[in-house]
Each structure stands twice: as C-alpha cells, then as structure tokens.
Amino acid sequence: MAKTYRVGFASLVHDHVWGELKHWKNHPNVEIVAAGDVNSELRDQFKAEAGVDNLYNSWQEMINNEELDIVQACAENNAGADIVEAAAAKGIHVVSEKPMSARLSQADRMLAAAEKAGTQLMINWPTAWNPAIHTLTKLVRDGAIGDIFYFKWRSAHNGPKELGCSRYFYEWLYDEEKNGAGALMDYCCYCADICAYLLGLPQQVTGLRGTFVKDYPVPDDNAIIIMKYPNAFGVTEASWTQKVGYVTPNPVVYGTEGALMVSGGKVHLHQPGKDSQEIESEPLPEGRRNAAEYFIHCLETGEPIEGLCSAAVSRDAQEILEAGLVSSNTGKVVDLPMA
C-alpha cells in the first residue's frame, strides 16, 4: 500500500497555489494538513478550499510545529531558499513554484540544502504539464528537426494587475527584490528553462529590459534575453503590456532538418520537401499530469525528477535569468558560467 504523504503549504501569495491545491487534494495518497501565511484573508480562503484548520501566521511556524513529508512553497521568489533550507533541516521534501528564485545565489542555496539533507526538490513549471510543449520538446530531443540552431518563445499578457491576479501576488511581482526583476523574471523564465533543458547553459547572454507602457512603478514591463550557444541562439521575450493574444506561432524552433512550432495549442512540424504536419499531442500519462502526481510518483518509485522541473535545470535557467538581468543593467554581454 502506498504511503500517505502529509503536505503543508508554505506561504499562499503565489496565485498558482489555488490550482496546485486542487491537484494535491485530488491525489489519493496525500493528506493536506496545514498552511502558513501572514495574510489572514489567504488563510481563510485556504481553510474554505482545503477544509484544513491547522493554519499558522507564518510558514516558519508551520514547518516548526507540523510533522510533514512535503512542503508546497508558494512564496515570493526570494523566499524559496529560506523555505527549502528550513524544510530540508527537518527532512521535508519541497515543491516550489517557478522560477526557482530571485537570485542565482538563492537557487544554489536551495540545491545545497536539499543535497545535504537528502531531500527531493522540484520546481513546478506549468509548461511541464502542457501536452503540446511536451510533444514539441520530445520531438526536438528525438532529432525530428536535426540540430537546433534557434529557439524562441514569447511569454506575454497585459500585466499581472490587469490580468486579474490577486494583490497579494502582483504586489511582490512589482517588487524587484522579491521577484528578482519585473516581466524579465516573471516571463523570460519559461524559455530560459526550456533552453537550459534542451541546450544547457549558453556561452553568452545579452539582456534588455524597459518600462514602456505602465504608468505605475514596475521594475520592467518588457524584456528580451538572447542566449548564444556554440551553434544556436535562444531568444526569450517577456511582456506585461500585450493586450491581444498571440498572433504568431509560439514557441518556434528551427533545426538543421526542419522546424517545429506550437500554434493554436497544436504542434506543427515542417520538414524540407514535405507538407506541413500537424502532430497530435497525446495526453500526459497518469503520474505525470501535474506537479503533485509527478512528485509523488518520483518519491514512490525512486526515479529522479527530470525534465523542465529538475532543480538542476531550473538552477541553470536561473543563471540565464541573472545574466540577462546583469546585462540589461550594465549594457554588457555576460559570459557564462558567471563567476
């Protein structure tokens, strides 16, 4: 009989928390036992949605007082390292929301704490549970378009506040210390993670960011990071000022033997001398459909956490983001690995 895992939620200020709560609730081998957050309104919402009475005024208090197997961290980006270190010290595994952290040094602390304690750490990227993205990355890794020489992804909407995010979420997204930047950290991260997974760390990174549209203070509302690999470019774009949906395929990947793209939620394969093919995206199998399922699967089977949600891959994505931030601030190309 599979073990029942006791799960606690460390902070509730990342709006992804409510979707993740549903996944944890639906897992047959999970008991949600507690949550800790400084905001009484969020604690009340958690109590209503989770049916849990063990609510604490801070995530620290929860970790100190509860016997937990897993912590779901839904905090500000710069709080992830503190949560992982506190949890690891008690032998607790952690799932933390994307991106890994606000700074590379924090990501390295997270890896070190989990490794020292022998606990598992997973970074939850929503892209990992998208069938079209899963299909595209599998085709790339299987060599369907030869060797990649260009990968581009634009992540964009009209801004966290305008999109309808809670104030508990957007207030820290607009705080450079807590978020790490603005749109650059919030949205360039997705492509940085996929490029780190498919191509590893680039040799050089160039970043640009600016506040072009918002009439209230934000660290940046548009950003671009260019990653230079030995034989490829990765391009990640972010915007908090795009009022319309995507008008071009996204992402787009070019290789020596063809191209792949996602358009309308469907994968399209283009190869020389052949008609364009629409590739059917198969549903993700049970155990790999969301973070809760995959994390429990890995704990039960002993399989390593792989792909986009790997902590090692996510750490490399953080180095790309930090290099892009440094470049945007200095106007200089940044060589990797960073000293």
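Being over 23 Å from the mean Cα position of the chain (by Cα) and more than 22 Å from E306 (Cβ to Cβ) is a property that does not hold for E85. For the range 242-262, taking the residues that are surrounded by 12 or more Cβ atoms within 10 Å (Cβ to Cβ) and touching a helix residue (DSSP H, G or I) at 6+ places or on another chain (Cβ under 9 Å), the one that is farthest from I133 (Cα to Cα) is identified as G255. Listed conditions (1) assigned to a helix (DSSP H, G or I); (2) within 23 Å of V326 (Cβ to Cβ); (3) not assigned by TED's automatic domain parsing to the domain that holds S58 are all met by H134, apart from (2).
Can you tell me how many residues within the range 210-240 are more than 20 Å from the chain's Cα centre (by Cα), crowded, with 17+ Cβ neighbours inside 10 Å and under 25 Å from Y150 (Cβ atoms)?
Of the residues in the range 210-240, 3 are more than 20 Å from the chain's Cα centre (by Cα), crowded, with 17+ Cβ neighbours inside 10 Å and under 25 Å from Y150 (Cβ atoms).
Flag set for A86, criterion: among the small types (G, A, S), over 25 Å from R289 (Cα atoms) and in a helix (DSSP H, G or I). Residue pairs whose Cβ atoms lie under 9 Å apart, separated by 6 or more positions or on different chains, with the first residue in the range 192-219 and touching a residue at least 40 places away in the same chain (Cβ under 8 Å) and in the same structural domain as T241 (by TED's automatic domain parsing) and the second charged (D, E, K, R) and assigned to a loop (DSSP other than H, G, I, E, B), are D193/K98; T206/K332; R209/D220; R209/D221; K214/D221; P219/D175. Of all residues in the range 2-17, none that is closer than 12 Å to S58 by Cα has its Cβ atom under 8 Å from the Cβ atom of a residue that is at pLDDT below 95, 6 or more apart or on another chain. Determine whether E303 is more than 18 Å from the chain's Cα centre (by Cα), outside the structural domain of K161 (by TED's automatic domain parsing) and charged (D, E, K, R). Criteria met by E303. Among the residues of the range 133-160, those identified as buried (at least 19 other Cβ atoms within 10 Å of the Cβ), under 22 Å from A238 (Cβ atoms) and of a type in the set (S, T, N, Q) are T137, S155. Close contacts from the range 305-326, counting a first residue that is within 29 Å of G287 (Cβ to Cβ) and of a type in the set (D, E, K, R) and a second that is modelled with pLDDT of 95 or more and surrounded by 24 or more Cβ atoms within 10 Å (Cβ to Cβ), with Cβ to Cβ under 8 Å and a gap of 6+ residues or different chains, come to R315/M100; R315/A107; R315/M110; D316/A196.
Could you go through the range 203-220 and let me know if any residue there is of a type in the set (G, A, S) and part of a loop (DSSP other than H, G, I, E, B).
Checking the range 203-220: not a single residue is of a type in the set (G, A, S) and part of a loop (DSSP other than H, G, I, E, B).
Looking for something under 16 Å from the mean Cα position of the chain (by Cα), crowded, with 17+ Cβ neighbours inside 10 Å, under 26 Å from E177 (Cα atoms) and not aliphatic (A, V, I, L, M) - is there at least one such residue anywhere in the range 90-97? Among the residues of the range 90-97, at least one is under 16 Å from the mean Cα position of the chain (by Cα), crowded, with 17+ Cβ neighbours inside 10 Å, under 26 Å from E177 (Cα atoms) and not aliphatic (A, V, I, L, M), which makes the answer yes.
Name the residues in the range 301-335 that are more than 30 Å from T119 (Cβ to Cβ) and buried (at least 19 other Cβ atoms within 10 Å of the Cβ), would you? Matches in the range 301-335: S327, S328, V334.
For (1) modelled with pLDDT of 95 or more; (2) under 15 Å from P219 (Cβ atoms); (3) part of a strand (DSSP E or B), each residue gets a yes or a no:
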| position | (1), (2), (3) |
| --- | --- |
| L139 | yes, no, no |
| G146 | yes, no, no |
| F151 | yes, no, yes |
| S155 | yes, no, yes |
| N158 | yes, no, no |
| K161 | yes, yes, no |
| W172 | yes, yes, no |
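The values are calculated or read from the model by the stated rules, or taken from the named source; none is laboratory data. This one's a predicted model, so the numbers in the text were calculated from it and none came from an experiment. So basically every Cβ, Gly included, is an ideal-geometry build from the backbone, and we count neighbours across all protein chains shown.
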